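Derivation of every value follows stated rules applied to the coordinates shown; laboratory data play no part. These numbers come from a predicted model, not from an experiment. Every residue, glycine as well, gets a Cβ built from its backbone with ideal geometry; the counts of neighbours run over all protein chains shown.
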Amino acid sequence: MAEEATFDEFVAARSQALVRSAYLLTQDEGLAEDLVQTALTKAWFAWRRIDDPEAYVRRVMVTTSASWWRRRWVRETPTELPLARNDVGGSPATSAEGQDLWNAIGRLPRRQRAVVVLRYLEDRTEADTAEMLACSIGTVKSQCAKALAKLRLDTSLTSASDEGTLS
């Protein structure tokens, strides 16, 4: 009964932050909520063995997101015209420039996106990020450097920043 109460407290306290992180990983509000729900379900079954619930749930979110990404091509069906993307209510990006950043992060490969989300948006250390992604600190550094290089070259970001400097 005490374990159930601590789990409920954890879910109540951390759900919003977990959904924000999941949104940054999936770029879709519905998938983000599903991802958090899946991670919390897995955490419930391992709750007695978990030392650090926050790290455990975030790690499950990253690995589950990666497995969904690998399987995504099976579920996608081509259409003649691309579907219009709905704006997500409560999304952190409210300005056009901010939306460009979220879109640019969304175009990064999944591993680089995960590193950027954990390092800069979640403000994790390199060691924490490496532990959560089950890789070395050197891999975190190299993936981060590659991701930042891609973001610097992204035309949607460079054109927005160039306009701001001209006025």
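Electrostatic tally near F45: other residues with Cβ closer than 14 Å to its Cβ, Lys and Arg +1, Asp and Glu -1, net +1. What does a probe at V11 reach in the stretch 50-68, counting residues whose amide N is under 16 Å from the point 7 Å along Cα→Cβ? Only 53-54, 57-58 fall inside the zone, counting backbone N under 16 Å. With a Förster radius of 30 Å applied to the C-beta separation of D34 and K141, the computed FRET efficiency comes to 0.45. Under conditions of 25 °C and 0.890 mPa s, the stretch 94-162 yields 198 µm² s⁻¹ as its translational diffusion coefficient, taking Rh as the Kirkwood radius over Cα pairs in the Stokes-Einstein equation. The ellipsoid equivalent to the alpha-carbon distribution of the stretch 1-71 has semi-axes of 22, 13, 9 angstrom, derived from the gyration tensor eigenvalues as √(5λ) and listed largest first.
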